[in-house]
Amino acid sequence: MNTLKLLKAPFNMENPITVQVLGICSALAVTVQMKPAMVMALSVTVVTAFSNLIISLLRNTIPSRIRIIVQLVVIAALVIIVDQILKAYVYDVSQKLSVFVGLIITNCILMGRLEAFAMAQKPWPSLIDGIGNGIGYGLILVLVSFFRELLGSGSIFGHKVIPQLFYNAGYMDNGLMILPPMALITIGTIIWIQRSKNRDLIEK
Amino acid sequence: MFSNRYIFIYSVVMVVIVAIALTVVAVLLKPKQEYNQRVEKMQNILVSVHVESTTKNAEELFKKYITESLVVNAKGDVIDGINAFDVEMHIENKKKSEDRNLPIFICSAENGQKYYIVPVRGKGLWGPIWGYISFKEDLNTIAGTQFGHKSETPGLGAEINTPGFQNQFIDKTIMNDNGEFVSVMVVKGGAPDSDKHGVDAISGGTITSKALEAMVRDCVKEYTVYFSKIRK
């Protein structure tokens, strides 16, 4: 498989959230506003990319009996490093993401890609696959958070976009959009649209 | 197949390498993280006297407005040699009442008023809750509050850190007409404006509201001796 195809596959046909249905938990939790969602997407991309790369480099030396442990140690170490960096440089965002950065460790996308891809592939394709899956996850997060922030708080990236005129005329932000159930419904809608466009994805 | 010996050595080497890497990262980033925490504390203190700050200008504004800080004990005596800003309430609350160091920050506002800011900290429903309360010069009327929490229920108990809840405390008093300490209560179903010692509790957040009431009462009570001293 060539590099570009490998990178782009997770954006649509093999999207980790909408097709592989991995990493749903954090996708519901951190998509209230766009900024934390972007930081989360970036963090996950960094962790998937590097954990894929590291595991792929080590793949011939890892004893298969302890391979899950090795994978977890690599992921955990990377997540802690990311968490520490966020705390040092974007403190307010790290407060908002709170436990969810730590929970990247349990994000199924990571273990899934390591087991399914990095353990059997060369470092370069693994790195690309990691970046691709991170971005594929991030795309959905940004899309969901866009609608949730717009309809729930009337803003994008913290800037008010719905004019005061609308509020004066009786428009109200939809408080339900801020709560997790609407994230699930938004993701469901995205899955629906995606499958109606790509008929191959529909299970028989 | 790998031998047991190989697996054992492999895991030991891996763990040591990871440990070294994490230690290096933690040590390098620690000063920056501690600075962030200090800035957040400054911002919170400033919120209680209605000064909005950003992470960039918080330090500057803090120096401008918070002109004095001191540490007192429950007997009302000023303790020298301790920096009020470095006193951690979660450590003080574990000590006996008479051993506690109680920090007070004094804010000189632009209108010439002086505000006395005291920290409060207590137990919420799921984790710690904390905050700062500023008093006017009569040391009775509340000028502003700031509350924070670690993990209260979003939409319910977590509402304590919204301006809507915090602003209710403005102009409430902690002493009754006889000069006795009564603190501020949360009232289910809403407190009338005429109630000088009551604010509206959060619907669905009763345990957090009650915990906040207890926190305000217990922490502010420690200061009453000192307050009555300066009032005279």
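Coordinate-derived values only; no laboratory data. If you're wondering where the values come from, they're calculated on a predicted model, not measured in any experiment. When we count neighbours, we look across all protein chains shown, and the Cβ atoms used for this are built from the backbone with ideal geometry, even at glycine.
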What nm distance separates the two modelled labels at B:Arg231 and B:Ser11, each placed 7 Å from Cα along Cα→Cβ?
-> 6.5 nm
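Where nothing but the Cβ of Lys and Arg (+1) and of Asp and Glu (-1) is charged, how large is the charge dipole of chain A around its Cα centre, in debye to the nearest 20?
Working: 16 positive and 9 negative charges, 80 e Å.
Using Cβ point charges on Lys, Arg, Asp and Glu, chain A gives about 380 debye.
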Please go through the residue pairs B:Lys30/B:Lys95; B:Lys123/B:Lys221; B:Lys64/B:Lys123 and name each one whose alpha carbons sit more than 22 Å apart in this structure.
-> B:Lys30/B:Lys95; B:Lys64/B:Lys123
Amide H partners (placed H, <5 Å) of B:Gly148, local residues excluded = B:Trp130, B:Gly131
Nearest-0.05 FRET efficiency for A:Cys25 and A:Arg199, computed from C-beta distance (R0 30 Å) = 0.55
Using the count of nearby Cβ atoms within 10 Å as a rough guide to exposure, how do A:Lys87, A:Lys5 rank from fewest to most?
-> A:Lys5, A:Lys87
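Count charges around A:Asp92 for me, please; just the other residues with Cβ under 11 Å from its Cβ, Lys/Arg as +1, Asp/Glu as -1.
On the way: positive: A:Lys35, A:Lys87, A:Lys96; negative: B:Glu40.
Net of charged neighbours comes to +2.
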So what's the back-of-envelope 222 nm ellipticity for the protein assembly as shown, counting only DSSP H runs of four-plus at -39500 (n - 2.57) apiece and dividing by all residues, rounded to 500?
-> -16500 deg cm²/dmol
Put one equal scatterer on each alpha carbon of the range A:3-137, apply the Debye formula with no solvent term, and list log10 I(q)/I(0) at q = 0.12 1/Å to two decimals.
-> -0.43
Round to the nearest 0.05 the FRET efficiency obtained for B:Asp80 and B:Ile170 when R0 = 41 Å and r is the Cβ-Cβ distance.
-> 0.80
Rh_Kirkwood(the range B:156-232) over Cα pairs, Å, one decimal, evaluates to 13.1 Å
What ranking of A:Ile69, A:Ile62, B:Ile117 emerges when the number of other C-beta atoms within 10 Å of each C-beta is taken as an exposure proxy, fewest first?
-> A:Ile69, A:Ile62, B:Ile117
State, to one decimal in nm, how far the label point of A:Tyr89 lies from the label point of A:Ile156, with both points 7 Å from Cα in the Cβ direction.
-> 2.6 nm
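Once you wrap a convex hull around the alpha carbon atoms of chain B, what is its projected area averaged over all directions, in nm²?
Values: hull surface 73.3 nm².
If I average the Cα hull's projected area over directions, I get 18.3 nm².
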Could you pull the Cα extents of the protein assembly as shown along its three principal axes, largest to smallest, in whole Å?
-> 82, 62, 36
Give me Rg over Rh for the range A:48-204, both radii from the alpha carbons and Rh done the Kirkwood way, two decimal places.
-> 1.08
Label-point separation (nm) for B:Ser194 and B:Ala109, each offset 7 Å from Cα along Cα-to-Cβ?
-> 2.7 nm
